[in-house]
Amino acid sequence: MDNTLARAEHTTVHSEEPHKLSILEKLSYGSGDLAINFYWSMVLTYMLFFYTDVVRLPAAIVGTMFLLVRILDGFIDLGMGFIIDRTQTRWGKLRPFILFGAVPMAIVGILCFSAPEFSMTGKVVYAYITYIAIMAMMSFIGTPYGALTSAMTQNPLERVSLSSYRIVGSMIGSIIVSVMTPMIIEHFWPHNDQVGYRNTLMIYSVFALVFYMICFAGTRERVSAKKAVSLPFKKALKVLLLNKPLLLISFIYLVFQAAAGIRSSISIYYVNYNLDRTDLLSLFMLLTFGGNLIGTLAAPLLTKWLEKKNAIILGLSGTMICGVALFYTDYSNLPMVIVWTLLSSLIGGMPAAVIWGALPDTVEYSEWKTGYRTEGLIYGIFSFGQKLSIAVSGALSGYILEISGYVPDAVQTSSALTGIALLLCLVPALLSIMGIVAALFYKLDSRLFNRIVSDLYQKESKSQL
């Protein structure tokens, strides 16, 4: 692969009246994230627990693996950005990756949640290989899938709506995985978690394949570069650095996703050990992801009244307050634990849809500012930040569990319980504060975006005379 990117100056299809999408197409797009989350939610919610309590790897080793592999995968995302911007097929430049990545994704997903009877060294090597494979496949499908938003419409409200459908699909997948996984394993494979996790992934993979195909068949790419012109790598880097809204929104999502990833993976520890109520795990997962789903559905309504920047600040502020309140709630006060968990989930669901709705706007901003339209690279750098956030959340979780003295499947010390509570409550609150500060500097509001689209349309019209 050479170090060039696609240039889109005077060659991009624009519309002065951006296309309004049908509900069916939005549902088809959302089905893609539903499919992705049969794997992604398993990784976020159960991967750490699977490695520490099923495979029995030390938490520090798992944390280091999460950090190294996800940083590596971030660079894979950037590579995918280059590949996407140089791809043209009869199906478009983005949708083919969904079509041809679905089956390999299923294979590596099943392998990743398998636990062969190897030595400790063999288990670590196997974990690294399969974890790298599943993260690489996430990049292969996830990066072009995310970029589809900018290719389907230029209507900013439609983009938020489209992102909401996406997040709803994501939340439905998350709810299914988080709630049903322990129930499926306990019902069909009690006392055999190794077989249970593997077979559960086989079931999920069948459904994922169906929803991937719905996404591929039901969506269309309408906004794209008609032809490509070489852009040197150094120039591409300069184009990225000039896109300040992209850098800010990527950082905001990095800290937001890191906080969400920590809460997701640590919830099972908090319920099992801090609350000592393993019977409530499915309920807490339902509250967490069900609340996120409702918050996501409210995001399009919120952005009709607030600028995206203010909606993000509101959501992150609420998440921070609820996290601090939950930390100081006694474990025996179950009703208030449930209240703060639900409120945190409801409010925390809003920023995700708004952030994903803001990201496509940075594609037009880049083209307006520099003359280059590079969806692949933009979504690649955003996905890099996303993977970096998961690296940070996974490493922090593993290291703090190890330092606090966590021992799998045992009565935990007060130090270990405090470490779990810190991870679930205060660390996400601190990350939310960082996101709020970054959001204060985000300037790409609706007025500026409308001006950008109008300028690009006029520029294209003049070039066709």
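The values are calculated or read from the model by the stated rules, or taken from the named source; none is laboratory data. Just so you know, these numbers come straight off a predicted model, no measurement behind them. Counting neighbours? That spans all protein chains shown, and the Cβs are built from the backbone with ideal geometry, glycine included.
Can G109 be described as over 14 Å from G376 (Cα atoms), touching a residue at least 60 places away in the same chain (Cβ under 8 Å) and under 19 Å from the mean Cα position of the chain (by Cα)? So G109 fits the description; yes. Checking S161, S139, S170 one by one, the residue that is surrounded by fewer than 24 Cβ atoms within 10 Å (Cβ to Cβ), polar (S, T, N, Q) and touching a helix residue (DSSP H, G or I) at 6+ places or on another chain (Cβ under 6 Å) is S161 and no other. Has segment 84-91 got at least one residue that is at pLDDT below 85 and assigned to a helix (DSSP H, G or I)? Yes, some residue in segment 84-91 is at pLDDT below 85 and assigned to a helix (DSSP H, G or I). Restricting the search to segment 92-136, which residues are among the aliphatic types (A, V, I, L, M), outside any helix (DSSP H, G or I) and either modelled with pLDDT of 95 or more or surrounded by fewer than 20 Cβ atoms within 10 Å (Cβ to Cβ) (or both)? Selection gives A115 alone.
Taken as a whole, the structure places L297 among residues that are modelled with pLDDT under 80, of a type outside the set (S, T, Y), out of contact with any Pro (no Cβ under 8 Å at 6 or more places or on another chain) and surrounded by fewer than 18 Cβ atoms within 10 Å (Cβ to Cβ). Taking segment 322-354 as the range and being in contact (Cβ under 8 Å) with a residue 24 or more places away in the chain and more than 16 Å from L293 (Cβ to Cβ) as the test, the residues that pass are C322, G323, V324, L326, F327, Y331, L334, V337, I338. The single condition from (1) in contact (Cβ under 8 Å) with a residue 60 or more places away in the chain; (2) assigned to a helix (DSSP H, G or I) that Q154 fails is (2).
Among the residues of segment 274-294, those that are more than 19 Å from the chain's Cα centre (by Cα), surrounded by fewer than 20 Cβ atoms within 10 Å (Cβ to Cβ) and of a type outside the set (D, E, K, R) comprise N274, L275, T278, L280, S282, L283. Across segment 50-90, the qualifying residues are those that are of a type in the set (D, E) and buried (at least 20 other Cβ atoms within 10 Å of the Cβ), and the one among them that is farthest from L148 (Cα to Cα) is D73.
Does I381 satisfy the criteria of being at pLDDT 85 or above, part of a helix (DSSP H, G or I), among the β-branched types (V, I, T) and surrounded by fewer than 24 Cβ atoms within 10 Å (Cβ to Cβ)? It is false that I381 is at pLDDT 85 or above, part of a helix (DSSP H, G or I), among the β-branched types (V, I, T) and surrounded by fewer than 24 Cβ atoms within 10 Å (Cβ to Cβ). State whether the residues of segment 336-352 include one that is in contact with a Phe, Trp or Tyr (Cβ under 8 Å, 6 or more places away or on another chain), of a type outside the set (K, R), modelled with pLDDT under 85 and surrounded by 24 or more Cβ atoms within 10 Å (Cβ to Cβ). Yes: segment 336-352 contains one or more residues that are in contact with a Phe, Trp or Tyr (Cβ under 8 Å, 6 or more places away or on another chain), of a type outside the set (K, R), modelled with pLDDT under 85 and surrounded by 24 or more Cβ atoms within 10 Å (Cβ to Cβ). The residue of segment 422-460 that is modelled with the lowest pLDDT, among those that are more than 30 Å from S393 (Cβ to Cβ) and of a type in the set (K, R), is K459. The residue of segment 164-207 that is nearest to the chain's Cα centre (by Cα), among those that are within 19 Å of G261 (Cβ to Cβ) and among the aliphatic types (A, V, I, L, M), is I167. Counting only helices (runs of 4 or more DSSP H) that fall entirely inside segment 284-375 and contain at least 1 residues that are under 15 Å from M171 (Cα atoms) and either of a type in the set (F, W, Y) or out of contact with any Lys or Arg (no Cβ under 6 Å at 6 or more places or on another chain) (or both), the qualifying elements are 334-358. What do you reckon, is L78 hydrophobic (A, V, I, L, M, F, W, C), within 26 Å of V392 (Cα to Cα) and at pLDDT 95 or above? Answer is no for this residue.
When residues in segment 393-438 are screened for being surrounded by fewer than 21 Cβ atoms within 10 Å (Cβ to Cβ) and hydroxyl-bearing (S, T, Y), 6 of them pass. Being of a type in the set (S, T, Y) and more than 21 Å from D361 (Cβ to Cβ) is a description that applies to T329. The helices (runs of 4 or more DSSP H) found wholly in segment 386-465 and carrying at least 3 residues that are over 22 Å from S366 (Cα atoms) occupy 414-421, 427-439.
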